[in-house]
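Written below as structure tokens is the structure these notes are about.
The values are calculated or read from the model by the stated rules, or taken from the named source; none is laboratory data. In this text, all values refer to a predicted model and were calculated from it rather than measured experimentally. All Cβ positions, even for glycine, are placed from backbone atoms using ideal geometry, and neighbour counts span all protein chains on display. When the accessible area is computed, the model is the full protein with side chains, heavy atoms only, and any ligands, DNA or RNA have been set aside. Shrake-Rupley method; radii C 1.70, N 1.55, O 1.52, S 1.80 Å.
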Amino acid sequence: MKRLLQFLVIMFPLALLCQPNTEVYLFDLDTTGNQISISNGKNISNNEGYDNQPSFKDDNTLLFAATRNAQTDVLSYSIRDEIKKWLTDTKQGSEYSPTQIPKSKKFSAIRLDTTGKQFLYRYHKEKSKALLKDLVIGYYVWNSDNILASFVLGEPNILILSNFRKNTHPTIDTNIGRSLHNIPNSNLISYIKKKKEEWEIRSLNPKTGETKRIATTVPNVEDMCWLADGSILMGKGKALYHFDPKKDAAWKIIKLFDTEAFDNITRIAVNEANNKIAIVAEPETTLEPKLENIRWIAGNWKGEAFGGITEENWSEPSGGSMMATFKLIVDGKVNFYEIETISEVNNSLLLCLKHFNNDLKGWETKDETVDFPLIRVTKNKAIFEGMTFESTDEHNMIVYVAIGQKDGTTAIVPFHYTKSN
């Protein structure tokens, strides 16, 4: 085990060299009423390189790891004043995962030294001190100023609960993910269990060591955060999912960031007041709005939605357009059809469709179509206003459709498709 940990420490700096270019985005958050609202987003890091791992020091201050001069230091961002302040300048290494220590003016961070050593450090003014030198900690959460839950690198990765007052550090679980959080209105800690095919969100009682299952994650997602009401947010691609363990049976998409030029959401953090949310994602690279750049949509696609079987057949680009037929089958009978086109119009793309009953009587009037203007095209997405096509791999596609509800809200419904051979 010791030799393996040494190997992981040596290899970890090499992995950091391959970190993606990520940015930290800050949004207004409104959790009142029947729908969670996220608006007024802006890129607050706006920096080439690895900017990541945000945590709120307080309702007005965000800490995150930011890249400068080929190293990563801790940056403080004042939301009210929009002022950035560097809190570390460690020439012999880089800092990650900055977090305010409860009931203290101190903060902590993971320091990766140029020698390859990796420890959790405590920082106060100009001084710093390494903690738990026997543990190679990758991620962590303070449950109090005395209790720390840590993701410790190993094979497998393990969850360790440290009590600094008692100097105890028992192993709680194995095969865990990097997302560790305090559960609101309790003394419990949440973590991600990755041992099974379906990953689990579990709770840990730091007093007893008892763990319990809370829910399964969004498939293959390990980054999450808690809202004050005890519900959970997770991000995947451009979608933000919500789940309330007290009443929900499945995850629901509450926000599709179709107008924002970022993708591949990972870390999420919400302040205690629940009026600000920080999201880490990768800036998008936009392609020309040409049919050739969305040729991957062509094919016969089958999936499930609305309690039935769905099928879409998209043609290859020709004559300046792509054409599709769609049908929904429920209980062995066709529920409705669609005819869809994507056309090159005015140096852009336009998606148009018409609906038909199972007897081919149209929903729209003779000359009426439902139109979806293009927002942008990326390597694996065609993003239209109200409908987004996402290629997850060469055989699978998700189509996100914004559908108005009777109460005036809008639901984002994902259609999961697999391409037939």
- Around A273 (Cβ within 15 Å, Cβ-to-Cβ, excluding A273; K/R +1, D/E -1) the net charge comes to -3
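Rg to Rh ratio, the stretch 353-421, alpha-carbon atoms and Kirkwood radius? List each step's numbers first, then the result.
On the way: Rg = 14.5 Å, Rh = 14.0 Å.
Over the Cα atoms of the stretch 353-421, Rg/Rh equals 1.03.
If you take every residue apart from V330 with its C-beta less than 14 Å away from the C-beta of V330, what net charge results, scoring Lys and Arg +1 and Asp and Glu -1?
Surrounding charge for V330 is -1.
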- Note on the structure: Counting only protein heavy atoms and leaving out ligands, DNA and RNA, the solvent-accessible surface of R202 at a 1.4 Å probe, in Å² to the nearest 10, equals 40 Å²
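Assign unit charges at the C-beta atoms only (+1 for Lys and Arg, -1 for Asp and Glu), then state the dipole size of the chain relative to its Cα centre in Debye, rounded to the nearest 20. Kindly include the intermediate steps, with their values, before the conclusion.
Values: 51 positive and 53 negative charges, 499 e Å.
That gives a dipole near 2400 debye.
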- Item | Accessible area expressed per residue, the stretch 29-107, with surrounding protein chains retained (probe 1.4 Å, Å²) | 52 Å²
- Message: Give me log10 I(q)/I(0) at q = 0.30 Å⁻¹ for the stretch 216-276, Debye formula, one equal scatterer per alpha-carbon, no solvent.
- Response: -1.39
- Message: If I ignore ligands, DNA and RNA and count only protein heavy atoms, how much of D58 is accessible to a 1.4 Å probe, in Å² to the nearest 10?
- Response: 70 Å²
- Amide H of L227: which non-local residues (sequence gap of 5 or more, or other chain) have their own amide H closer than 5 Å, using H built in the peptide plane? I232, L233
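Which value, in debye to the nearest 20, describes the size of the charge dipole of the stretch 285-386 about its Cα centre when Lys and Arg Cβ atoms bear +1, Asp and Glu Cβ atoms bear -1, and nothing else is charged?
Values: 11 positive and 16 negative charges, 48 e Å.
Dipole size: approximately 220 debye.
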- Note on the structure: Ranking P206, L350, N264 by how far each Cα lies towards the positive end of the charge dipole of the chain (+1 on Lys and Arg Cβ, -1 on Asp and Glu Cβ), the top one is P206
- Residue-normalised accessible area of the stretch 119-166, given per residue in Å² at a 1.4 Å probe: 50 Å²
- Message: What does the net charge come to around K193 if you take all other residues with beta carbon closer than 12 Å to its beta carbon, with K and R at +1 and D and E at -1?
- Response: +1
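Which whole-number percent gives the relative contact order of the chain, counting Cα pairs below 8 Å spaced six or more residues apart?
Details: 1002 pairs, mean separation 39.1, N = 421.
In percent, rounded to a whole number, it is 9.
Per the 1.4 Å probe, what fraction of the accessible area of the chain, in percent, lies on carbon and sulfur atoms? Display every interim value, and only then the final one.
On the way: 10380 of 21390 Å².
Whole-percent figure for carbon plus sulfur exposure: 49.
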- Spread of Cα-to-Cα distances over 5 Å intervals beginning at zero, given as percent, for the stretch 227-311: 3, 11, 15, 17, 19, 15, 10, 7, 4, 0
- Query: Picking from K247, K195, K129, which is most flexible by a Gaussian network model of the chain using Cα springs under 10 Å?
  - Reply: K247
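Give the value in nm², to one decimal: projected area of the alpha carbon convex hull of the chain, averaged over all directions. Display every interim value, and only then the final one.
On the way: hull surface 95.0 nm².
Averaged projected hull area, Cα only: 23.8 nm².
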- In the chain, with Lys and Arg counted as +1 and Asp and Glu as -1 at Cβ, which of these residues, T365, G230, N300, has the Cα nearest the positive end of the dipole, that is, farthest along it? G230
- Task: Would you mind working out the accessible area per residue for the stretch 203-301, using a 1.4 Å probe, and quoting it in Å²?
- Result: 42 Å²
- Note on the structure: In whole Hz, the Karplus estimates of ³J(HN,Hα) for the stretch 95-110 (6.51, -1.76, 1.60; θ = phi - 60°; x where Gly or Pro) are 10, 9, 6, x, 8, 5, 7, x, 6, 7, 8, 9, 10, 10, 7, 7
- Note on the structure: Taking only Cα atoms of the stretch 49-189, the Rg to Rh ratio with Kirkwood Rh works out at 0.95
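Could you tell me whether the stretch 283-421 comes out rounded, prolate or oblate from its Cα gyration tensor? Rule is a ≥ b ≥ c as square roots of the eigenvalues, rounded for a/c under 1.5, then prolate if a/b exceeds b/c, otherwise oblate.
rounded
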